[in-house]
Amino acid sequence: MPIQLKIALLISLIVYIFIVSISVRHKTIRINYLIFWCIIGIGMITALIIPDFVKKISNLLGFKAPVNMLLVSSIFMILFLIHDFTRIITKEQNKNILLIQELSMLKKRIEILEKEEK
Amino acid sequence: MKIILIIPAYNEQENILNTVNKIKNSRLNIDYIVINDGSKDNTEKILQENHLNHINLINNLGIGGAVQTGYKYAYENNYDIAIQFDGDGQHDVNYVEKICKPIIDEEVDMVIGSRYLDKSESEFQSTFMRRFGSSIISIFIRLCCKKKITDPTSGFRAVNKKVIKEFAKNYPTEYPEPESTVSLLVNNYNIKEIPVSMNARCGGKSSIELFKTVDYMVKVIFAIIVDSISFKIRRKQ
């Protein structure tokens, strides 16, 4: 692996760890979502420390160049992530609808009770 | 028999009072509940000032979420029949008795008021594009559920207690009218259509604009196919 690429990968890895650690510190990412980002981080570290490992795996899977394997796996990972987000958004939307309905009905019931008390 | 009209209203300041007054002035012994779907105009003010029975949704949920709130209210208050009734003055209160009759006679579980069943009945037949859209949706419902529904997008429909319970728990909120019809058909509920007359909107703006018709139609057809398959799988399980 050329030294320029190693430096670029190292810088992006530092930035990546910094961003993820901020999210962990401020608890803006739940633990079960954090697992995904940690796996990505481990993958980046592995590629930096043992570049031959990526090459060997890409050869094993029949890719002509390691970069092709990285590109394909990135696309699949992004697709998986988008699907997971869509699932989570739908779930949250359903929860929102339920909350709005129940809260609005409770408000109505409170109004009735207040009127009865008067 | 306890009957309730569920009236969803979004920005209906021009029509809502008229619609409710027509119901009150009719000789029908029925209750009503207006579901104010987070209107941005004076709908809420009108409802409060005139002491109309209503629920204010704290945020806009769309027609499906609003109507489901009505079904939840009907279920909690033990109503025998719930009728969806638009707040924009499109539906005629004189048809309420007619739409309830097959349910009172325990003939069916849901009755849909159709604009297209008997063309002489309804002067207002909506635009060509909407009629075309409706007929395409109708074909797909027939293909997926083997039942002809002439007006699958009609919001004028009555349901019995069993369906009120079902809708209070599960009600499709994206394309509610055709999707709820499919869900009932797949689960072996009986549906009947009766011809009704509908008026053009008295004022305000329709929630389905003309340019959205094609987009709506494509998404509804997709929803019908997905729903019919998933409901069938769930039923088998």
Inset, instruction - Using only the alpha carbons, work out the radius of gyration and Dmax of the protein assembly as shown in angstrom. - result: 27.0, 88
Inset, instruction - Return one number: the angle in degrees, 0 to 90 and rounded to the nearest 10, between the long axis of the Cα atoms of helix A:31-49 and the longest principal axis of the Cα atoms of chain A. - result: 10 degrees
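Taking 20 °C and 1.002 mPa s as the conditions, I'd like the Stokes-Einstein D for chain B in µm²/s, using the Kirkwood hydrodynamic radius from alpha carbon pairs.
Working: Rh = 17.9 Å.
Translational D for this selection: 120 µm²/s.
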Legend entry - Distance in nm between pseudo-label sites at B:ILE136 and A:LEU60 (7 Å out along the Cβ direction from Cα): 5.1 nm
Inset, instruction - In whole Hz, with x marking every Gly and Pro, tabulate ³J(HN,Hα) for region B:106-113 from phi via Karplus 6.51 cos²θ - 1.76 cosθ + 1.60, θ = phi - 60°. - result: 6, 7, 9, 9, 9, 10, 10, x
Legend entry - Solvent-accessible area buried by pairing A with B, both sides, nearest 100 square angstrom, 1.4 angstrom probe: 1200 Å²
Legend entry - Members of region B:55-95 that become less accessible by 50 Å² or more once partner protein chains are added (1.4 angstrom probe, chain alone as reference): B:ILE58, B:LEU61, B:LYS72, B:GLU76
Inset, instruction - Please give the average number of partner chain Cβ atoms lying within 10 Å of the Cβ of each residue in A:91-104, rounded to a whole number. - result: 5
Legend entry - Residue-normalised accessible area of the protein assembly as shown, expressed per residue, 1.4 Å probe, Å²: 59 Å²
Inset, instruction - Would you calculate, for chain B, the mean residue ellipticity at 222 nm contributed by helices, counting each DSSP H stretch of 4 or more residues as -39,500 (n - 2.57) and dividing by all residues, to the nearest 500? - result: -13500 deg cm²/dmol
Inset, instruction - Within region A:48-73, find all residues whose amide N lies under 13 Å from a label point positioned 7 Å from the Cα of A:LEU10 along Cα-to-beta-carbon. - result: A:48-49
Inset, instruction - Please list the helices of chain B that count as membrane-span-like by this rule: a mean Kyte-Doolittle hydropathy of at least 0.0 together with Cα atoms stretching 24 Å or more along the helix axis, each helix being a complete DSSP H run. - result: B:128-145, B:213-236
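Counting only protein heavy atoms and a 1.4 Å probe, tell me what percentage of region A:64-118's accessible area is made up of carbon and sulfur.
Details: 3200 of 4630 Å².
Answer for region A:64-118: carbon and sulfur cover 69 percent of the accessible area.
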Inset, instruction - Give me the Kirkwood hydrodynamic radius of region A:64-118, using the inverse of the mean 1/r over all pairs of distinct Cα atoms, in Å to one decimal. - result: 15.1 Å
Inset, instruction - Could you give me the radius of gyration and the Dmax of chain A, taking only the C-alpha atoms into account and expressing both in angstrom? - result: 23.9, 81
Inset, instruction - On a C-alpha basis, how far is the centre of region A:29-50 from the centre of region B:135-176 in Å? Whole number, if you could? - result: 47 Å
Inset, instruction - With everything on Cα atoms, drop me the angle between helix A:66-117 and the longest principal axis of chain A, reported from 0 to 90° to the nearest 10. - result: 10 degrees
Legend entry - Reference-scaled alpha-carbon Rg (2.2 N^0.38 Å with N residues) for region B:1-96: 0.98
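The values are calculated or read from the model by the stated rules, or taken from the named source; none is laboratory data. The model shown is predicted, which means the values in this text are computed figures rather than measured ones. Cβ: placed from backbone, ideal geometry, glycine included. Neighbour counts: every protein chain shown. Remember, those area values only see protein heavy atoms, side chains included, never the ligands or the DNA or RNA. Shrake-Rupley method; radii C 1.70, N 1.55, O 1.52, S 1.80 Å.
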